[in-house]
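Below: one structure, written as structure tokens.
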Amino acid sequence: MDSQKLRVYETLHSLNQDSERVLTDLRSLQEFPFLRREFLRHFQVVMEETRAWANFEVTEAMHSREQSTGRGSDGYGNGGKNATPIRTMC
């Protein structure tokens with residue numbers, strides 16, 4: 001795995017961990033009765049959608065990059081013949 005690819009996936013991993021921390025904090029805030037739960041729930045949904053969108057865009061860009069360089073996701077230069085196809089978001 002080349003160093004740029006590794007850095008991208010490490011950064012994506014970090015983004016996912018940090019997103020989960022934000023979601024945990026938003027759930028914790030729901031314990032306070034004076035805070036409006038419907039807005040906190042809305043923020044959770046927006047955060048989950050944002051994370052999903054970021055994951056999709058990054059993995060799709062990496063997949064496209066691997067295909068254009070003739071290297072599949074398996075890293076063996078076989079054009080991705082052994083790679084699992086990426087599903088598109090609906």
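The values are calculated or read from the model by the stated rules, or taken from the named source; none is laboratory data. The structure presented is a predicted model; accordingly, all values stated were derived computationally and were not measured. When we count neighbours, we look across all protein chains shown, and the Cβ atoms used for this are built from the backbone with ideal geometry, even at glycine.
A few points about this structure:
- The set of residues in segment 42-57 being surrounded by 12 or more Cβ atoms within 10 Å (Cβ to Cβ) and among the aromatic types (Phe, Trp, Tyr) consists of 43, 56.
- Members of segment 1-43 that are under 30 Å from residue 70 (Cβ atoms), without any contact (Cβ under 8 Å) to a residue 12 or more places away in the chain and not β-branched (Val, Ile, Thr): 2, 3, 4, 6, 7, 10, 13, 14
- Complete set of residues in segment 20-34 that are exposed (fewer than 12 other Cβ atoms within 10 Å of the Cβ) and either in contact with a His (Cβ under 6 Å, 6 or more places away or on another chain) or not charged (D, E, K, R) (or both): 24, 28, 32, 33, 34
This table checks each residue for (1) modelled with pLDDT of 95 or more; (2) in a loop (DSSP other than H, G, I, E, B); (3) surrounded by fewer than 13 Cβ atoms within 10 Å (Cβ to Cβ); (4) touching a helix residue (DSSP H, G or I) at 6+ places or on another chain (Cβ under 8 Å).
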site	(1), (2), (3), (4)
9	yes, no, no, yes
15	yes, no, no, yes
40	yes, no, no, yes
59	yes, no, no, yes
76	no, yes, yes, no
80	no, yes, no, yes
85	no, yes, yes, no
